[in-house]
Each structure stands twice: as structure tokens, then as C-alpha cells.
Amino acid sequence: MSDESDRRFRDAFAALRREEAAGAPPLTPMLAARAARRGLRPTGVAWAGLAAAALLVALAGHRVMESRVRARAAAEVARALGPFYGEWRSPTDALLETPGYEMLATIPAIGPADSLFGSGPTTTGGQP
Amino acid sequence: MDDEPQDLQRELGRLHADSYGWALACCGRRTADAREVLQAAYLKVLDGRARFGGRSRFRTWLFGVIRRTAAEERRRDALRRLRLVTFGDAPEPADPAAGAAERLEQSDDVRRLLSALARLPRRQREVLDLVFYHEMSVAEAADVMGVSVGSARQHYERGKARLRVLLEPS
């Protein structure tokens, strides 16, 4: 029984094999087409390169965004605190305002308009 | 060393018809899928992504590569379908008329065999295909399928019993 059914199976599969073998595509164009398609597809190394580049771009983008957020936050803090710092004066600042403080704080200039003695401009290192 | 790809190509050429038959079996007899799978498997072999270690016959090893490639394609296809369904663009169901022209050319016996095989579980179908179509031993079939010989034998016996029932004239 088993041998008989085995023989029947073999015959049926052999018929299937004959029919399918006739429809097998030729090998050479198959390999050529596949190779051409593969040429368009990135290889493993290219994929790794693309992934690394994408990671770098993402990191750079993250850095830029982070620095922008920080700068914006710092500007907001400065804006919030700015008037306070501008208006605030130390209570001991008045002690520094001694007589002649303004003269000490400015740089003297030599010339007719600003001359203390009303003399004209003098030349340095020249003949009288 | 330079002759290696040439030798491989020659060997692939020698086994090409058999490999195509096996690719068809792995792809539910869909010719377009079988060609795609076979191309992918050949490229793996020629690229060196699949290397023959000499632990079995070349044909047994090549059939294993084809089987794995077909399984990868099935997984990829299932994912593609899942993604399409998720995004609301469900794929159209397989056209039952597809391959009708090929079926017309098939003899009655072959048609009956294919219809019976389609009703068997994958493993049973594979082991029967390897044994009766490719004339391998059950041990070789087990090697191709990546299962133990005992498991392959079990699939073989169950598959044969089921196929016998399915092919019985009604």
C-alpha cells in the first residue's frame, strides 16, 4: 500500500517537475538584472555611513536648538532683571564722590578750549 | 580564488531548474515571488553573504539558502501588508484568477496534486516536495528545513497520509 502510494506520489511529482522545469527563467539575465538592481541599492557599509551622517545631523540640530533655547532664556532673564540692575546703586557710592571727583574721572586734554591757563596749544619736543 | 565565483555560477547553473522548482515550492507556486526569491538567494551566494561550509552537499545547502530567503521575503511582505493596513491603505486581496493561464496548461494530475499540496501544513508540504520532487532522503530534507531528522520524518509520514487521503478519487 505504502509502496504503491509512494510510486503514485513520485509519478505525480515527476509530472509537476517536468512542467515547472520548462518554465524556469534563464539564469544569466536573472543574475544580471539582480546585480543591476543591487547597484542602485545602498550596501551595508553605505547604510552605516548614512546612519552615521543622520546621527551627526541630528546631534548638530540638537546642539543648535539647545543653544538657541539657552540664549532665549538668558535674554528673558536679562530682560526681567535689566531695569533692576540699571536702577540699583550701592549706598556707599556717594562716599566715592569726593571734591574734584569729576576731574579725576575725566582725562585732561590740552587745547585752547579746555586749557586751564588759557594758553595756546603747545608742541611737545619742539623749539620755543 | 578568482575562479571561485565562476565555479559557483557554474554550479548554480547546473542546479538552476531544481532550484527554481524549490523556490516555487517555498513561495506557494507563485512564479513572480519564486523568481524574486531565487535571484535574492543567488546574489547571497555570489556575494558571499551565504557561504558554503562543505558540511553537506552543495544542493542541500543551496536549498536551505533559498528556503531562508523565501521566509525573509514572507516576513517582509507581511510587514509591508501590516504597514499598509495600519495606514489605512489595505492591500487588495490576492486575485484568485492570478496564474489562471499557467493552471490551464497544467495536466489534471498536476492540478490535483497542487491543490492537495496547498491544503497541507507548510512543513509537510516542504518535506514531501524535497523527497518526491527533488528525490532527497528524509535526512537531507531535514538539513534543508533546519529541523531534526525525527521531526522531518514525522512531517513526512503525516504529510504522506494526508496527501493520500486528499488524492483519493472521490
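The values are calculated or read from the model by the stated rules, or taken from the named source; none is laboratory data. All values reported here derive from a predicted model rather than from experimental measurement. Positions of Cβ are backbone-derived with ideal geometry, glycine not excepted, and every protein chain shown enters the neighbour counts. What goes into the accessible areas is simple: the full protein's heavy atoms, side chains included, and nothing from ligands, DNA or RNA. Shrake-Rupley method; radii C 1.70, N 1.55, O 1.52, S 1.80 Å.
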Exercise. Just checking, which of B:Ala40, B:Ala34 is at the interface with chain A (Cβ under 10 Å from one of its Cβ atoms) and either in contact with a strand residue (DSSP E or B) (Cβ under 6 Å, 6 or more places away or on another chain) or under 22 Å from B:Ala118 (Cβ atoms) (or both)?
Worked result: B:Ala34
Exercise. So which pairs qualify, if the first residue must be in the range B:5-31 and touching a residue at least 12 places away in the same chain (Cβ under 8 Å), the second must be acidic (Asp, Glu), the Cβ gap must be under 6 Å, and the two must be at least 6 apart or on different chains?
Worked result: B:Gly21/A:Glu20; B:Ala25/B:Asp129; B:Cys27/B:Asp33
Problem set entry | Search result, residues across the range B:118-170 that are open to solvent by less than 20 Å² (accessible area, probe 1.4 Å) and of a type in the set (Lys, Arg) | B:Lys160
Seminar exercise, completed: The lone condition B:Ala100 fails out of (1) open to solvent by 80 Å² or more (accessible area, probe 1.4 Å); (2) modelled with pLDDT under 80 is (1)
Exercise. Yes or no: B:Ala71 within 12 Å of chain A (Cβ to nearest Cβ) and out of contact with any helix residue (DSSP H, G or I) (no Cβ under 7 Å at 6 or more places or on another chain)?
Worked result: no
Exercise. Among the residues of the range B:29-69, which ones are of a type in the set (Gly, Ala, Ser), open to solvent by less than 20 Å² (accessible area, probe 1.4 Å) and touching a Phe, Trp or Tyr at 6+ places or on another chain (Cβ under 9 Å)?
Worked result: B:Ala34, B:Ala50
